[in-house]
Amino acid sequence: MSETAAVPTAALRARAEIDLGALRANVRALRARAEGAAVMAVVKSDAYGHGAVPCARAALAAGASWLGTATVEEALALRAAGLPGRMLCWLWVPGGPWRQAVEADIDVSLSGLWALREVTEAARAAGRVARVQLKADTGLGRNGCQPADWAELVGEALRAEAEGLVRITGLWSHFACADEPGHPSITAQLDRFREMTAYAERQGVRPEVRHIANSPATLTLPETHFDLVRTGIALYGVSPSPEIGTPADFGLRPVMTLSASLALVKHVPGGHGVSYGHHYVTPGETTLGLVPVGYADGIPRHASGSGPVLVDGKWRTVAGRVAMDQFVVDLGGDEPPVGAEAVLFGPGDRGEPTAEDWAQACGTIAYEIVTRIGTRVPRVYVNASM
């Protein structure tokens, strides 16, 4: 027999099931961890691949007070979808849509004088006060204002506030190594943040929120919580780092389950090459299963020969290279029907791999595994109602 019988019911080629009930429960768990600080649900990059609008709505329903995005386009799309409340976006380039952000009542992050000057011009043109937050570079070395330039930025922002053009709503920063317990930069950055916020407040800044805690700091460093915590990967039930604990250790549950339907099951002889380059050759007579997703769907090519998949109750491993649209698993003689479910990752309840298992197999982080799942994979939302 060259091929097993097909499952009689139709199945999707692939699906990313998004459990909004799990997301709401994660928000509640993070609120409890925040110990009185407000929670920002970070929904950048289409909510880390989970779907920004449904996840933002679920997070707000569960008590998140803020939404956070990287780009202004992401924030404007949320507003266009009717998402209310406080919203911060932080990644800008010159000539960006400052006026649209001001008119949409989006808080914008400023790291330098050029950005302050562009947003004040936009506020003047719109006839509205711009909500701005000043970002301090306390040691990460990416965005944010260097300590040597902080006094000038604070002073200019206060002058713009006195003119009625801006309202300074926040002071914030971002950790470099909060996911590495005991790293000396954590204390150094926290001390610098306290110094820089204290200076701004002495000059007259009265922020609504001060915030530096990302997901790992929210989970493990209560002294960093201040007025607001920014929860990204933890919101989706993924641990920021295995070194600090598993999702279950923090009362979190993974939100995404990625699965596909086997497109083919066939017998092959020993010594048969599999996929491009024949990096895998069958050690003996066996059965192969074709999983119809590949790197065009966000499956890492680095998972070639190592990515785990649950098929027919057993862990299998990607056999040979991941191709653009498909990869193969060696079923070891088992004969699940065509159309049977292949679970790439999920919460782990059924013995399936997790996003962290894929990260370990690829030498990357679980953030990348969930975020990279592409638009060819439909998102199927479950437990949408409270």
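The values are calculated or read from the model by the stated rules, or taken from the named source; none is laboratory data. Since the model is a prediction, treat every value here as computed from it, not as a measurement. Cβ: placed from backbone, ideal geometry, glycine included. Neighbour counts: every protein chain shown. To get the accessible areas, we keep the full protein, side chains included, count just its heavy atoms, and leave off ligands, DNA and RNA. Shrake-Rupley method; radii C 1.70, N 1.55, O 1.52, S 1.80 Å.
Worth a mention:
- Region 335-386, residues that are without any contact (Cβ under 8 Å) to a residue 60 or more places away in the chain and open to solvent by less than 10 Å² (accessible area, probe 1.4 Å): P353, W358, A359
- Residue in region 278-291 that is part of a loop (DSSP other than H, G, I, E, B) and crowded, with 21+ Cβ neighbours inside 10 Å present: no
- Subset of region 173-192 [farther than 11 Å from L140 by Cβ, open to solvent by less than 70 Å² (accessible area, probe 1.4 Å) and part of a loop (DSSP other than H, G, I, E, B)]: D179, H183
- Within the span defined as region 63-71, every residue fails to be among the β-branched types (V, I, T), assigned to a helix (DSSP H, G or I) and modelled with pLDDT of 95 or more.
- Selection status of A101, buried (at least 21 other Cβ atoms within 10 Å of the Cβ), closer than 18 Å to R230 by Cβ and touching a strand residue (DSSP E or B) at 6+ places or on another chain (Cβ under 9 Å): no
- Condition met for A61 (farther than 23 Å from R192 by Cα, open to solvent by 40 Å² or more (accessible area, probe 1.4 Å) and touching a residue at least 40 places away in the same chain (Cβ under 8 Å)): yes
- Hey, T218 open to solvent by less than 20 Å² (accessible area, probe 1.4 Å), farther than 30 Å from A384 by Cβ and not in a strand (DSSP E or B) or not: no
- Filter pass, L344 being over 30 Å from G237 (Cβ atoms) and of a type in the set (A, V, I, L, M, F, W, C): no
- Look at (1) open to solvent by less than 50 Å² (accessible area, probe 1.4 Å); (2) in a loop (DSSP other than H, G, I, E, B); (3) touching a Gly at 6+ places or on another chain (Cβ under 7 Å) and you find that D325 fails only one, number (1).
- Single unsatisfied condition, G127 versus (1) more than 30 Å from L235 (Cα to Cα); (2) touching a strand residue (DSSP E or B) at 6+ places or on another chain (Cβ under 9 Å); (3) open to solvent by 10 Å² or more (accessible area, probe 1.4 Å): (2)
- Within region 104-119, the only residue that satisfies the criterion of being touching a helix residue (DSSP H, G or I) at 6+ places or on another chain (Cβ under 6 Å) and open to solvent by 40 Å² or more (accessible area, probe 1.4 Å) is E118.
- Residue within region 314-322 that is assigned to a strand (DSSP E or B), open to solvent by less than 10 Å² (accessible area, probe 1.4 Å), within 30 Å of P240 (Cα to Cα) and without any contact (Cβ under 8 Å) to a residue 40 or more places away in the chain present: yes
Listed here are the residues, each with its yes/no results for (1) open to solvent by 10 Å² or more (accessible area, probe 1.4 Å); (2) on the phi > 0 side of the Ramachandran plot; (3) not in a helix (DSSP H, G or I).
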{"position": "N143", "(1), (2), (3)": "yes, no, yes"}
{"position": "R159", "(1), (2), (3)": "yes, no, no"}
{"position": "L171", "(1), (2), (3)": "no, no, yes"}
{"position": "A198", "(1), (2), (3)": "yes, no, no"}
{"position": "P207", "(1), (2), (3)": "yes, no, yes"}
{"position": "F226", "(1), (2), (3)": "yes, yes, yes"}
{"position": "L235", "(1), (2), (3)": "no, no, no"}
{"position": "T246", "(1), (2), (3)": "yes, no, yes"}
